[in-house]
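Heads up, the thing below is written out as structure tokens.
The values are calculated or read from the model by the stated rules, or taken from the named source; none is laboratory data. As the structure is a prediction and not an experimental result, all values here were calculated from the model. Note that we place each Cβ from the backbone using ideal geometry, even for glycine, and neighbour counts take in every protein chain shown. Ligands, DNA and RNA are excluded from the accessible area calculation, which covers all protein heavy atoms including side chains. Shrake-Rupley method; radii C 1.70, N 1.55, O 1.52, S 1.80 Å.
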Amino acid sequence: MRAWWREISGLVLPVVCAGCGVPPTPLCAECAAELHGFAARRVTPDPEPPGLPGVHAAALYEDAVRAVLLAHKERGALGLARPLGVALAGAVRAGSVGPRLSRPSRSSSSSRPGSPVPPLPPLLLVPVPSARRAVRARGHDAARRIAFAAARELRRAGTPARVLPVLRQRREVVDQAGLTARERVENLAGALEAVAGAGRLLAGGRTVLVDDLMTTGASLAEAARALRAAGGGKVPGLARMTAAVVAAPSPPREINRIRVK
């Protein structure tokens, strides 16, 4: 019914930008520039929760970006998943450069000219799952939907990527709103687990935890713990696990504010 109502309302209500409210487009060029126009950079919450992997964010959680994320998550503006996925793909790339994207080298003693170069292992995007009651209330899992859009964008640009939704909640948690950073860590401790066989699936590529938003980093740290437990120390890729989010409410100095050409 929610999906049906969204389709009907889109036909009878004026289309306005989710970021600024200006018609006649769901995302105007100016708000899209706030979402896509800056290079993603490493962000770190203060205090940093134990076990948090390196996190890259595509944008600051403010103004138009905040409005777009809320419109997608809370108001069911599902058409925004694609532009949000494009932003997330940029953050994934920023955290996956360097040795992780380098092809295996061929020594002169063990290779012959013209021999094939092994393909790069895929990026495995693991979305942080929303609380079950939140998914029921919203009618969708925002981070998971954006993760699939990001994987499509990465593949379109030539980077092998797929989504592995292998995390699930093993117990209910209280609403995070209003909790301190320490209280959020305590609230989420042991709340997530990986599905059976997750370690085998994660062995096939480079793991990137993904979410729409990072505030204290508690959710990403708990997700990383659950994945490491699933790997049992036998999945090399988990030792180099990274994380990527669409936005983080970090000070401007922690986000590269240089426009992407």
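Can you name the strands (runs of 3 or more DSSP E) wholly within region 162-220 that have at least 2 residues being β-branched (Val, Ile, Thr) and touching a residue at least 12 places away in the same chain (Cβ under 8 Å)? Give the derivation first.
Values: elements: 167-169, 192-194, 206-213.
Passing ranges, in order: 206-213.
Filtering region 50-66 down to residues that are open to solvent by 20 Å² or more (accessible area, probe 1.4 Å) and in a helix (DSSP H, G or I), which residue is farthest from residue 245 (Cα to Cα)?
Here the answer is 63.
For region 39-95, enumerate the residues that are among the charged types (D, E, K, R) and under 12 Å from the mean Cα position of the chain (by Cα).
Kept after step one, since they are among the charged types (D, E, K, R), are these residues of region 39-95: 41-42, 46, 48, 62-63, 66, 73-75, 82, 93.
Listed by number, the list holds a single entry, 93.
Out of region 15-48, which residues are part of a helix (DSSP H, G or I), aliphatic (A, V, I, L, M) and either open to solvent by less than 50 Å² (accessible area, probe 1.4 Å) or in contact (Cβ under 8 Å) with a residue 60 or more places away in the chain (or both)?
Pass one, region 15-48, residues part of a helix (DSSP H, G or I): 29-36.
Cutting the leftovers down to aliphatic (A, V, I, L, M) gives us 29, 32-33, 35.
32, 33, 35, listed by residue number.
Out of the residues in region 83-102 that are modelled with pLDDT of 50 or more and open to solvent by 70 Å² or more (accessible area, probe 1.4 Å), state the one that is nearest to residue 210 (Cα to Cα).
Only one residue fits best here, namely 93.
Given 105, 130, which one is modelled with pLDDT of 75 or more and surrounded by fewer than 23 Cβ atoms within 10 Å (Cβ to Cβ)? Before you say what the answer is, go through the steps one by one.
Working: 105 fails: modelled with pLDDT of 75 or more.
Only one candidate qualifies: 130.
For residue 210, indicate whether it is open to solvent by less than 50 Å² (accessible area, probe 1.4 Å) and of a type in the set (Val, Ile, Thr).
Details: open to solvent by less than 50 Å² (accessible area, probe 1.4 Å): yes; of a type in the set (Val, Ile, Thr): yes.
Here the answer is yes, as residue 210 does meet what is asked.
At pLDDT 90 or above, on the phi < 0 side of the Ramachandran plot, crowded, with 19+ Cβ neighbours inside 10 Å and part of a helix (DSSP H, G or I): is that true of residue 69 in this structure?
Working: at pLDDT 90 or above: yes; on the phi < 0 side of the Ramachandran plot: yes; crowded, with 19+ Cβ neighbours inside 10 Å: yes; part of a helix (DSSP H, G or I): yes.
For residue 69, the condition - at pLDDT 90 or above, on the phi < 0 side of the Ramachandran plot, crowded, with 19+ Cβ neighbours inside 10 Å and part of a helix (DSSP H, G or I) - is met.
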